[in-house]
Structures are given as C-alpha cells and as structure tokens.
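Heads up, the thing below is written out as structure tokens.
The values are calculated or read from the model by the stated rules, or taken from the named source; none is laboratory data. Since we're looking at a predicted model, the values are computed, not measured. Neighbour counts run over all protein chains shown; Cβ positions are idealised from the backbone, glycine included.
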Amino acid sequence: MEFRGVIFILFIFLLLGVDSNAFPMNDMISKLPGQPDVNFKQFAGYIEVDENVDGRSLFYYFVEAEKDPLTQPLTIWLTGGPGCSSVGDAFGSVGPFIVTKDAHGLQTNSFSWNKGHFAPNLANALLDDNKQFEKSKFNLKGLV
C-alpha cells in the first residue's frame with residue numbers, strides 16, 4: 001500500500017480512456033508556429049471549473065497518442081503552480097515537441113509521452129525491480 005501512495009504522489013496523474021472526438025472541434029490546433037508535420041491531433045482550450053464565477057477556468061493542452069489513440073491510456077501531467085507555468089514541461093520534457101536550439105521553431109521530442117513513453121511504464125518497472133530485493137534498490141521518496 002505504501003508503494004501505491006508513493007507512486008501516486010510521485011507521478012500525480014490519472015489514467016482514463018478518452019476518445020479525442022469528445023473534444024470540441026473548435027479547440028483543435030491545426031499547427032503550432034514552427035511545428036513540423038505530425039500524424040496526431042492536438043487540442044487546447046479552457047475547461048470551466050465554476051459556472052458561478054465568471055472566468056474561473058483551467059487551460060488544457062491535449063495531445064493524442066501517435067499510434068492507436070483510441071485504445072491508449074491518457075496521462076494527465078499536472079505541474080506548475082503560482083508563478084510557474086506548466087508550458088515549460090509541455091515543450092521541454094514530456095510533450096510532443098521541444099523548442100529548437102535557435103528558439104525559432106519546434107522539433108519532435110523523441111521521448112514524448114504520446115509516443116508510448118509514459119509514467120505508468122516507469123512506475124511498474126520501479127515496483128517490479130524493487131520486489132526482488134530485501135532493501136529497496138530505488139529510493140522512491142527521493143524521487144518525489
């Protein structure tokens with residue numbers, strides 16, 4: 001049970017089955033500035049979180065899996081905070097694009113989660129590897 005709690009805190013994500021047709025078509029992004037051609041859909045927009053307060057919305061950026069998006073799990077990446085945007089991670093570590101060295105365009109990210117490299121695989125590998133040792137090989141709390 002402790003490992004499950006640590007993994008939840010470590011990755012802070014939720015896996016859901018999502019059909020991209022559920023997203024409003026007016027939120028679909030045809031192409032970002034400087035973006036190379038891609039074979040997946042992407043959406044961005046706002047989700048209203050309190051209908052009683054005008055303007056209380058959360059921004060989202062959704063990217064389909066490159067292969068078989070209707071059957072792949074969805075990873076929700078939560079990051080950022082007061083004064084810290086999550087856009088840096090979306091275009092610097094886990095998202096489908098990284099900014100080019102000259103900062104004038106985008107290139108595909110080889111390690112993007114929409115290619116199939118995502119947190120649940122890492123979590124399972126860490127847990128499975130630790131089961132064979134009396135003492136934990138990885139300090140999971142140190143990764144938090």
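Here's the yes/no breakdown for (1) at negative phi; (2) assigned to a helix (DSSP H, G or I); (3) aromatic (Phe, Trp, Tyr); (4) surrounded by fewer than 16 Cβ atoms within 10 Å (Cβ to Cβ):
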| residue | (1), (2), (3), (4) |
| --- | --- |
| GLU51 | yes, no, no, yes |
| TYR60 | yes, no, yes, yes |
| PRO69 | yes, no, no, no |
| GLN72 | yes, no, no, no |
| THR79 | yes, no, no, yes |
| GLY88 | yes, yes, no, yes |
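Across the range 28-49, which residue is nearest to THR108 (Cα to Cα) among those that are part of a loop (DSSP other than H, G, I, E, B) and of a type in the set (A, V, I, L, M)?
Once the filter is applied, the top-ranked residue is VAL38.
Mind counting the residues in the range 104-129 that are at pLDDT below 65 and surrounded by 13 or more Cβ atoms within 10 Å (Cβ to Cβ)?
Number satisfying all stated conditions: 8.
For PHE133, state whether it is hydrophobic (A, V, I, L, M, F, W, C), loosely packed, with under 15 Cβ neighbours inside 10 Å and either modelled with pLDDT of 65 or more or closer than 27 Å to PRO33 by Cα (or both). Spell out how you get there, then give the answer.
Working: hydrophobic (A, V, I, L, M, F, W, C): yes; loosely packed, with under 15 Cβ neighbours inside 10 Å: yes; either modelled with pLDDT of 65 or more or closer than 27 Å to PRO33 by Cα (or both): no.
Spelling it out, it is not the case that PHE133 is hydrophobic (A, V, I, L, M, F, W, C), loosely packed, with under 15 Cβ neighbours inside 10 Å and either modelled with pLDDT of 65 or more or closer than 27 Å to PRO33 by Cα (or both).
Say we look at the range 61-103 and pick out the residues that are hydroxyl-bearing (Ser, Thr, Tyr) and modelled with pLDDT of 85 or more; which of these is farthest from PHE43 (Cα to Cα)?
Checking each candidate, the answer is THR100.
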